[in-house]
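See structure below.
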Amino acid sequence: TTYQLRLMENGIDFVKSGIETYFVEDTPDPRSHKYAILHLFSGVLLLLKERLARIRPSLVFKDETQCGVRGAKTTDFHQTIKLLAQNGVTIDRSKLAVLTQVRDLRNDIEHYEVSLDLKQTKEVIGELAAFAYSFSLDELQLRIDERFSSQVLGRFYDLKEIGDRLMQ
């Protein structure tokens, strides 16, 4: 038996996992903030790469000639954003600033000693949920919320509401 995940399905799965991780309990514990950020950001990055692949599948690779080669390096966050912009897909400046801030936080979590302000990380998680929703709808013609169970959906809307407020 195989479990195959294309970019979009994998991105949606990471977003869903981030929400499920965050809300294992009604009051998220500190550790769940960390994993929600890691999973949600990974999901958003995969959704960005899905949009890039829709332009041309080889754009997802650092070296386009390596498209389809197992182990070939794919674009990082900044390269993905740059290639999207070069191909007419621009992300609002304020949303891009949030994504860059989250990318930096993600890197800090993965590579350094870090202290997380739980109020701030809840906001970051909300902003990621809101971005995943709007980007999926606008650029992938996908209602990401239709892919979630009713349990995840309610939690997703709670987070999205926080993100929507902050992004305005």
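Name the pairs whose Cβ atoms lie under 7 Å apart, with the first residue in the range 27-40 and under 12 Å from residue 125 (Cα atoms) and open to solvent by less than 50 Å² (accessible area, probe 1.4 Å), the second among the aliphatic types (A, V, I, L, M) and in a loop (DSSP other than H, G, I, E, B), and 6 or more positions between them or separate chains?
32/24; 33/116
Find the residue count for the range 50-62, including only residues that are open to solvent by 70 Å² or more (accessible area, probe 1.4 Å) and either part of a loop (DSSP other than H, G, I, E, B) or more than 16 Å from residue 9 (Cβ to Cβ) (or both).
Applying the first criterion (open to solvent by 70 Å² or more (accessible area, probe 1.4 Å)) to the range 50-62 yields 54, 56-57, 62.
Within this subset, residues satisfying the condition of being either part of a loop (DSSP other than H, G, I, E, B) or more than 16 Å from residue 9 (Cβ to Cβ) (or both) are 56, 62.
Number satisfying all stated conditions: 2.
Return the residue satisfying two criteria in turn: it lies in the range 7-26 and is buried (at least 23 other Cβ atoms within 10 Å of the Cβ) and under 17 Å from residue 118 (Cβ atoms), and of such residues it is modelled with the lowest pLDDT.
22
Would you check which residues across the range 111-154 are open to solvent by 60 Å² or more (accessible area, probe 1.4 Å), modelled with pLDDT under 85 and touching a Phe, Trp or Tyr at 6+ places or on another chain (Cβ under 9 Å) and list them?
151
Report the residue count in the range 93-110 for those that are of a type outside the set (Lys, Arg) and open to solvent by 70 Å² or more (accessible area, probe 1.4 Å). Before you say what the answer is, go through the steps one by one.
Let us first name the residues in the range 93-110 that are of a type outside the set (Lys, Arg), namely 94, 96-102, 104-105, 107-110.
Next cut, open to solvent by 70 Å² or more (accessible area, probe 1.4 Å) only: 101, 110.
The number of residues fulfilling the criteria is 2.
Looking only at the range 1-43, filter to residues that are of a type in the set (D, E, K, R) and assigned to a helix (DSSP H, G or I); which one of those is nearest to residue 148 (Cα to Cα)?
Just the residues of the range 1-43 that are of a type in the set (D, E, K, R), to begin with: 6, 9, 13, 16, 20, 25-26, 29, 31, 34.
If we keep only those that are assigned to a helix (DSSP H, G or I) too, we end up with 9, 13, 16, 20, 31, 34.
Numbers: 9: 12, 13: 9, 16: 7, 20: 10, 31: 23, 34: 21 Å.
The extreme case among them is 16.
For the subset of the range 63-92 comprising residues that are aliphatic (A, V, I, L, M) and closer than 16 Å to residue 138 by Cβ, which member is surrounded by the fewest Cβ atoms within 10 Å (Cβ to Cβ)? Break it down stepwise before answering.
Here is the first cut: in the range 63-92, the ones aliphatic (A, V, I, L, M) are 69, 72, 81, 83-85, 89, 91.
Restricting the remaining residues to those that are closer than 16 Å to residue 138 by Cβ gives 81, 84-85, 89, 91.
Details: 81: 21, 84: 20, 85: 12, 89: 17, 91: 18.
Among those residues, the one meeting the criterion is 85.
Just to be sure I understand the filter: pairs with C-beta atoms under 9 Å, separated by 6 or more residues or on different chains, first member in the range 67-78 and touching a residue at least 24 places away in the same chain (Cβ under 8 Å), second member open to solvent by 70 Å² or more (accessible area, probe 1.4 Å). Which pairs pass?
What qualifies is 74/62; 75/62; 75/82.
Give the residues of the range 100-128 that are more than 18 Å from residue 45 (Cα to Cα) and basic (Lys, Arg), sorted by residue number.
Residues satisfying the conditions are 119, 122.
Taking the range 100-136, which residues are acidic (Asp, Glu) and in contact (Cβ under 8 Å) with a residue 12 or more places away in the chain?
110, 123, 127
The values are calculated or read from the model by the stated rules, or taken from the named source; none is laboratory data. Since we're looking at a predicted model, the values are computed, not measured. Cβ coordinates were reconstructed from backbone atoms using ideal geometry, including for glycine residues, and neighbour counts include every protein chain displayed. What goes into the accessible areas is simple: the full protein's heavy atoms, side chains included, and nothing from ligands, DNA or RNA. Shrake-Rupley method; radii C 1.70, N 1.55, O 1.52, S 1.80 Å.
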